[in-house]
Amino acid sequence: MPRTAYVNGRYVAHRDAAVHIEDRGYQFADGVYEVCEVARGNLIDMTRHLDRLGRSLGELRIDWPMHRSALTVVLREVVRRNGVENGLVYVQVTRGVASRDFLFPARTAPSLVVTAKKVDPGLAAKRAESGIKVITLPESRWDRVDIKSVGLLPNVLAKQTAKEAGAQEAWFVDTEGYVKEGGSSNAWIVTTDGRLVTRPAEHGILRGITRTTLFDVAARLGLTIEERGFSVAEAKSAREAFISSATTIAMPVVEIDGAPVANGHPGSVVLSLRQAFFDIAEKTQA
Ligand code: PDD
C-alpha cells in the first residue's frame, strides 16, 4: 500500500509530500509536534496528545491549524489511509510560510503535516525482553523543553552519541548531577523498596503523555510514585530503571554508562507496567 501524507489541506502521496522552502519550521524550527502511538488500530491517548499540542501551540502563540475536532478526523483518516494497525501517527504544526524574518509574520496560516507509519510491535516486545542501554550526557538543550518543539538538534546529537557508544538512549543530566530525561523519552527508576521515582514535570523536562498515563497504571497496580529528582549514582544502584515514551511505552534500562542496573536484566515492576498499559490508556478507533 503506497503511503499517504496530509499536507496543508490535501492528502498526497508520501513520496511527493513537501512543504515550502520558506516554511518557518524548516528555517527556524518554529513549530511543534506530537507523536501518538497506534496499537491494534487504535490511537493511544489521543486526547492527552491533543491537549499537549494545544499547550505547545499556546506557549509559542501559534494558532491551531484547524479546529481540534477536525484534526482528530485527519489523524484517524491518515492512519486509515496508510493501513496502520500498529505504529505511530506524527503531527507537525509550524508558524507557516513567510519571507524569512525573525519576527512573527502578520497574516500567515500555520502549516499542518500529518503522517503515519507502520511499526512491527514485535520489535519493541523483543527489545523489552532484553532491555536497553543508556549513556548520560550533560544537558545541552534550551530551557523550554516543556514545549514539544521541532527544534531537536541537541536530542539528535545526544542520541547519535548514544548509538555510537552502543546504547539506545541518552539521558540529559543537570548541573547538580540529577537525571532530567532522555533524548526522546522520560526517565524513571524503581527504588530497592519498590517505589517508582521520576522527575517532576514542572521544570526541565517534557511532560510525557506516556509518563502521565503510567501514573494511572501505577495507581491501578497499587504502586507508589515519588515525583522527585534522582541522581545518576542513585539510578546506577537502583533496583530497576526504565524509560517511557509513545514509541517505547515502558522500556527497561539494563545498563547505564556501561554499568549494569541490578542484575542487568529487565525488572518485574517495569514489565508489569508495560503489560497493564494498554488496558488503562485511552483508545480511539481509527
Ligand atoms: N518523544 N521527552 C522527550 C524529550 C521526548 O521527545 C519524548 C517523546 C518524551 C516522552 O513523551 P511521550 O510519552 O508523550 O511520548 C519525553 C517522541 C516519541 C519523539 O520525539 O519521537
| remark: The long-range amide H neighbours of residue 283, using H built 1.01 Å from N in the peptide plane and a cut-off of under 5 Å, are 45
| task | Starting with the fewest neighbours, write out 171, 64 ranked by other beta-carbon atoms found within 10 Å of each beta-carbon. | result | 64, 171
| field | Farthest positive-ward along the chain dipole, Cα basis, beta-carbon charges - from 245, 13, 284 | value | 13
| message | Tell me the Rg and the Dmax, in Å, that the Cα atoms of the range 48-165 produce. | response | 17.6, 52
| query | Remind me, relative contact order of the range 124-285 in percent, using alpha carbon pairs under 8 angstrom and six or more residues apart? | reply | 25
| said: Can you tell me, using C-alpha contacts under 8 Å and at least 6 residues apart, the relative contact order of the range 168-249 as a whole percent? | reply: 37
| query | How long are the semi-axes of the ellipsoid equivalent to the range 120-204, from square roots of 5 times the Cα gyration tensor eigenvalues, in whole Å, largest first? | reply | 21, 18, 13
| query | Given Cα pairs under 8 Å that are at least 6 residues apart, what percent is the relative contact order of the chain? | reply | 20
| query | Taking other Cβ within 10 Å of each residue's Cβ, how do 195, 274 sort, fewest first? | reply | 195, 274
| query | Could you work out Rg/(2.2 N^0.38 Å) for the range 124-285, with Rg from alpha carbons only? | reply | 0.95
| Residue by residue through the range 174-189, which ³J(HN,Hα) values in whole Hz follow from phi under the Karplus form 6.51 cos²θ - 1.76 cosθ + 1.60 (θ = phi - 60°), with glycine and proline marked x? | 7, 5, 8, x, 8, 6, 8, 6, x, x, 8, 6, 8, 10, 9, 9
| Tell me, what does the Kirkwood hydrodynamic radius of the chain come to in angstroms if you use every pair of distinct C-alpha atoms? | 19.7
| remark: HN-Hα couplings for the range 222-228 via Karplus (6.51, -1.76, 1.60; θ = phi - 60°), in whole Hz with x for Gly/Pro, come out as x, 9, 9, 10, 9, 8, 7
| field | Simple spin-label estimate for residue 55 and residue 265 in nanometres, 7 Å along Cα-Cβ | value | 3.8
| field | Phi to ³J(HN,Hα) by Karplus 6.51 cos²θ - 1.76 cosθ + 1.60 over the range 83-91, Hz, x for Gly, Pro | value | x, 7, 8, 9, x, 8, 10, 10, 10
| Exposure proxy ranking, count of Cβ atoms within 10 Å, fewest first, for 178, 6 | 178, 6
| Separation of the range 107-143 and the range 203-270 by C-alpha centroid, Å? | 16
| note | Taking placed amide H atoms and a strict 5 Å upper bound, the residues 5 or more places from residue 4 or on another chain that come that close are 14
| DSSP H segments from the chain that extend 30 Å or more along their own axis, Cα-based, with Kyte-Doolittle mean of -0.5 or above | none
| Among the lysines, which fall within straight-line cross-link reach of residue 117, defined as a Cα-Cα distance under 22 Å, with same-chain neighbours fewer than 8 residues apart omitted? | 126, 148, 159, 283
| field | Unit charges on C-beta of K, R, D, E only; dipole of the chain, Debye | value | 840
| query | Among 183, 105, 132, whose Cα lies farthest out toward the positive end of the dipole of the chain, if unit charges sit on the beta carbon of Lys, Arg (+1) and Asp, Glu (-1)? | reply | 105
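Readers should treat all values here as calculations from the given coordinates under stated rules, not as data from a laboratory. Note that the structure is predicted; figures quoted are calculated from it, not measured. Glycine gets a Cβ as well: all are built from the backbone with ideal geometry, and neighbour counts include every protein chain shown.
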